[in-house]
Amino acid sequence: MTERGWKAEGPTADDYALVAKAAAEIEAPDLPYRPPMPQDRQQPIALVGAGGISAAHLDAYLRHGLNVVAVCSRDLDRARARRDAYFPSARVTDDFDSVLGDPDVTVLDLTAHPDIRLDLMRRSLNAGKHVLSQKPFVENLDDGGELIELAERRNLKLAVNQNGRWAPHLAYLREAVHAGLIGGVTGVHVEIRWDHGWIAGTSFETMDHLILWDFGIHWFDFLASVVGDRARFVHATTARAVGQSVRPPLLAQALIAFDGGQASLIFDGATRYGARDSTSVIGANGAAFSEGPDLGHQAVELHTEAGVARPRLTGAWFNDGFAGAMGELLCAIEDGREPLNSARGNLSSLKLCLAALRSVESGSPAPV
């Protein structure tokens, strides 16, 4: 017996108390987390839809030197305001057909709401345009499959604006997994506390599954980007927070079972004070973590047998994420390959998200 009362050959007090061992500080690996950009940034882009989120798109494209030649919206005054603020030489129109018929436009950024976006995507592809669709891509998988097949028949690129893929912290974690730095993924855990009450009086308040669908799709997409098609079941719940005034539930959670691992997504969208955002990816040979007060301020750690690395990341989700989604599409067009944010790849993310919605409605785990 040792003086602590533990057998020398057995577990120590630290083992039982879950005391972590000190890790050596090591240099952070240089991973390609920044928004990808094509060699030729003059590919002509038309933005369709001048709603609130369009400002983030245009600001990102301006900062990264991309070429927006037209802004199209049913509200001409709003389109002019967006044009004047970001790309003064672009033309403004409320005639979508004129954009489709413009030979100088090769890429369409469709930011419109889902109720009209499906038709816009179909018409855009039939007109021979590459398309970046706002997320969520489609509301059912059959529509998504139809659009993907149409794009492939026309030899066009169809991508989804899953801009979270190029949030610096999420991009670094993903690239660490893809580089094999932490081994096979066994756990992915996200916990976000923030105040989503800003939706009061907006169109978002009409969405029954606002948190899991419109917001949560980013994290279902992140999960799919690190575990692929390994997910098997999702058990999800939603609830109205005590004292919340907006219509849709602001609390949601999802437990995901995947081959050889588990995941949890916890969304506390009624947190008035003490906002926090944390993401963990655990692997057989290491782990990667991100922690901060919000989506734009995150500290990342990469833990391996060699020690702990703390990369100093630059940029922010808003608006580097939007630059990454469009930049990756333009790179794919230039290189003749599928984009990382391709619509076909996005079906894995949608399967997870739609399974979560089915689980909420049934009260039981839903197969993916």
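Accessible area ranking (1.4 Å probe, heavy atoms, ligands and nucleic acids excluded), largest first, for F222, F233: F233, F222. A dipole drawn for the chain from +1 and -1 charges on Cβ atoms has a positive end, and of A50, N341, L158 the residue lying farthest that way is A50. If the reach is capped at under 13 angstrom between alpha carbons, list the aspartates and glutamates near K129, excluding any in the same chain fewer than eight residues apart. Here the aspartates and glutamates satisfying the reach criterion relative to K129 are D97, D102, D104, D109, E152. With the helix formula -39500 (n - 2.57) applied to DSSP H stretches of n ≥ 4, the chain reaches a computed 222 nm mean residue ellipticity of -9500 deg cm²/dmol.
How far is helix 217-227 tilted, in degrees, relative to the longest principal axis of the Cα atoms in the chain, given as a value from 0 to 90 rounded to the nearest 10? Value to nearest ten degrees: 60.
Across the alpha-carbon set of the stretch 181-289, the Rg to Rh ratio works out to 1.02, Rh being the Kirkwood radius. Shape class of the stretch 105-213 from the alpha-carbon gyration tensor: oblate, with a/c at 1.5 or above and b/c at least as large as a/b. Each label point was placed 7 Å from the Cα along the Cα-to-Cβ direction; for D143 and R122 their separation is 1.0 nm. Of the residues Y16, Y61, the one with the largest accessible area comes first in the ranking Y16, Y61, computed with a 1.4 Å probe on protein heavy atoms.
Charge dipole of the chain (Cα centre as origin; +1 on each Lys and Arg Cβ, -1 on each Asp and Glu Cβ, all else neutral): 240 debye, rounded to the nearest 20.
Any idea of the accessible area per residue across the chain, 1.4 Å probe, to the nearest Å²? Per residue, the chain has an accessible area of 46 Å². Spin-label model, S278/D229: points 7 Å from Cα along the beta carbon direction are separated by 3.4 nm.
With r as the distance between the Cβ atoms of D195 and A306 and R0 = 45 Å, compute the FRET efficiency 1/(1 + (r/R0)^6) and round to 0.05. Rounded to the nearest 0.05, the efficiency is 0.70.
What is the gain in length, in nm to one decimal, between R74 and R154 on full extension, counting 0.36 nm per residue of separation less the C-alpha to C-alpha distance?
Full-extension gain reported as 26.0 nm.
As a test, work out the antiparallel percent of DSSP beta bridges whose residues both lie in the chain, rounded to the nearest 5.
60 percent
From the Cα gyration tensor of the chain, with a ≥ b ≥ c the square roots of its eigenvalues, which class applies: rounded if a/c is under 1.5, or else prolate if a/b is larger than b/c, or else oblate? Prolate shape, in that a/c is at least 1.5 and a/b is the bigger ratio.
The values are calculated or read from the model by the stated rules, or taken from the named source; none is laboratory data. What you see is a predicted model, and the numbers here were worked out from it, not measured in a lab. Every residue, glycine among them, receives a Cβ derived from its backbone with ideal geometry; neighbour counts consider all protein chains shown. Just the protein is used for accessible areas: all its heavy atoms, side chains included, with ligands, DNA and RNA removed. Shrake-Rupley method; radii C 1.70, N 1.55, O 1.52, S 1.80 Å.
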